[in-house]
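Report on the structure given below.
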Amino acid sequence: KAMRSGGMGGILDMLDGGDDEKDNAGFLSGLDKFKGMAAAGGATAAAAGAVAGKVSGGLGDGASKVTNTVRDSGERLTTETRETVTSSVSGGGGKDRDLNVGGSSGGGMGGMLKWLLPLLAVALGVILLLWACGGDDDETNVASGSATGDGNYLVDLGGREITVAVENAYLPFNYIDAATGEPGGWDYAALADICGRLNCTPKYETFDWDPMIQAVSDGQFDVAADGITITEERAEIVDFSDGYINIDQRILVNKANSDINSADDLANSDCSVATQTGTTNFDTAVDLVGEDRIQAMDEFGFAIQALVVNDVCAVIIDETAGQGYLGENADDLKLVGESLSGDALGFIFPKGSDLVDPFNKAIAAMKEDGTMARLGTEYFSDAFTITYDDIG
């Protein structure tokens, strides 16, 4: 009520032709009160719209009555009339309230009110709604904005949805936080950045590692992101992106084991070695110790547990993943020896996919502007402290 009576009172004072300085102040005061209501934000926007509608209706009807009366009597609106119009508007029901119009000369004022008051009401209503809604739009843009933020995409995929296969069990690339249920990891961060540059939307699907490459080859997914090593054999059935990082393969052993400190020590022993089936780690283990000494596991977590309880003497694993398991078992395990192999990792796509070139452009840009280095520090260094105890 205070906003409506004060705001419209200032407007009508200005129209009545009184003191300019005072009337301008009243008009500005009215606008400020309209702004104050609009600033209340999302929940107030609907109520503000209703108020604007009532103001517009009351003003339009009131202006018509004032104009007709002035035209008939040829007399000037009195202070009593202005107060009655203001009261009608502030009550929110202009159509149902009578106007006691006094007399005055000046048909010009009646004509001016006839078109000016409704226009002012409509203008104020529009301003009110724009102010109320503006904040919500900004929040939406921040939440769903792209990496470029200005629509200048490297390649514009038109907001295309891209299905992405992830294991959600391979630190630090992908995981589900056990405490929050939220996904995270390098894959999620990198793909968010890539799609920000290409105007696409990643849609993640949890999928087992062993059939993942074949599933992508069959077109079940648009892309897979799971720390996948680029190999010639795999490239026969899928297309790879350019490599985004090089990963070393290492030997993980029990801390109590003092006999194995290098690849030669492991090769010359006769103990069993665990690793994950279908990985380049499995291939490296076969080359090093022979397939008959290998215990192939569906997940690296099972291989680690076998090592902790001494069912095997070593695990062949990517260094980044090994660091994750060390955090969980720092008192029990250690990485030993030099790198067994340095491998480039890439995203995979069905053969002939039109996404390969755009992804390569994004990867190149991320390397050039330092994004890849930043993600490397965040996920492939001591700064990454999440362990397998922390994920679901």
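The values are calculated or read from the model by the stated rules, or taken from the named source; none is laboratory data. Quick caveat, the model's predicted, so the values are computed rather than measured. Positions of Cβ are backbone-derived with ideal geometry, glycine not excepted, and every protein chain shown enters the neighbour counts. Heads up: the accessible areas ignore ligands, DNA and RNA and are worked out on the full protein's heavy atoms, side chains in. Shrake-Rupley method; radii C 1.70, N 1.55, O 1.52, S 1.80 Å.
Looking at Ala224, Ala267, which is the one that is within 22 Å of Val164 (Cβ to Cβ), out of contact with any Ser or Thr (no Cβ under 9 Å at 6 or more places or on another chain) and among the hydrophobic types (A, V, I, L, M, F, W, C)? Steps first, answer last, please.
Numbers: Ala267 fails: within 22 Å of Val164 (Cβ to Cβ).
Ala224 is the lone residue from the list that is within 22 Å of Val164 (Cβ to Cβ), out of contact with any Ser or Thr (no Cβ under 9 Å at 6 or more places or on another chain) and among the hydrophobic types (A, V, I, L, M, F, W, C).
Inspect all residues belonging to the range 154-166 and state whether any of them is open to solvent by less than 70 Å² (accessible area, probe 1.4 Å), farther than 25 Å from Ile317 by Cα, in contact with a helix residue (DSSP H, G or I) (Cβ under 6 Å, 6 or more places away or on another chain) and assigned to a loop (DSSP other than H, G, I, E, B).
Step one: of the range 154-166, the residues open to solvent by less than 70 Å² (accessible area, probe 1.4 Å) are 155, 157-159, 162-166.
Next, from what is left, pick out any that are farther than 25 Å from Ile317 by Cα: 155, 157-159, 162-163.
Subset that is in contact with a helix residue (DSSP H, G or I) (Cβ under 6 Å, 6 or more places away or on another chain): 155, 157.
Cutting the leftovers down to assigned to a loop (DSSP other than H, G, I, E, B) gives us 155, 157.
Within the range 154-166, one or more residues are open to solvent by less than 70 Å² (accessible area, probe 1.4 Å), farther than 25 Å from Ile317 by Cα, in contact with a helix residue (DSSP H, G or I) (Cβ under 6 Å, 6 or more places away or on another chain) and assigned to a loop (DSSP other than H, G, I, E, B).
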Exercise. Taking only the range 336-363 into account, find how many residues are out of contact with any helix residue (DSSP H, G or I) (no Cβ under 9 Å at 6 or more places or on another chain) and open to solvent by 50 Å² or more (accessible area, probe 1.4 Å).
Key: 4
Self-check item: Lone unmet requirement of (1) at positive phi; (2) assigned to a helix (DSSP H, G or I) for Phe359
Solution: (1)
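Go over the candidates Asp248, Asp242, Asp298, Asp270 one by one and state the one that is farther than 19 Å from Ser339 by Cα, surrounded by fewer than 24 Cβ atoms within 10 Å (Cβ to Cβ) and in contact with a helix residue (DSSP H, G or I) (Cβ under 6 Å, 6 or more places away or on another chain).
Values: Asp248 fails: farther than 19 Å from Ser339 by Cα; Asp298 fails: in contact with a helix residue (DSSP H, G or I) (Cβ under 6 Å, 6 or more places away or on another chain); Asp270 fails: in contact with a helix residue (DSSP H, G or I) (Cβ under 6 Å, 6 or more places away or on another chain).
Exactly one residue qualifies, and that residue is Asp242.
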Quiz item: Between residues in the range 249-270 that are free of Cβ contacts under 8 Å to residues at least 24 places away in the same chain and among the aliphatic types (A, V, I, L, M) and residues that are assigned to a helix (DSSP H, G or I) and crowded, with 18+ Cβ neighbours inside 10 Å, which pairs lie under 9 Å by C-beta distance while being six or more apart or on different chains?
Solution: Ala267/Leu288; Ala267/Val289
Quiz item: So which of Asp283, Asp226, Asp222 is open to solvent by less than 10 Å² (accessible area, probe 1.4 Å), within 30 Å of Tyr204 (Cβ to Cβ) and charged (D, E, K, R)?
Solution: Asp226
Practice problem: Go through the residues of the range 364-379 one by one and say whether even a single one is under 29 Å from the mean Cα position of the chain (by Cα), open to solvent by 30 Å² or more (accessible area, probe 1.4 Å) and within 30 Å of Ser258 (Cβ to Cβ). | Solution: no
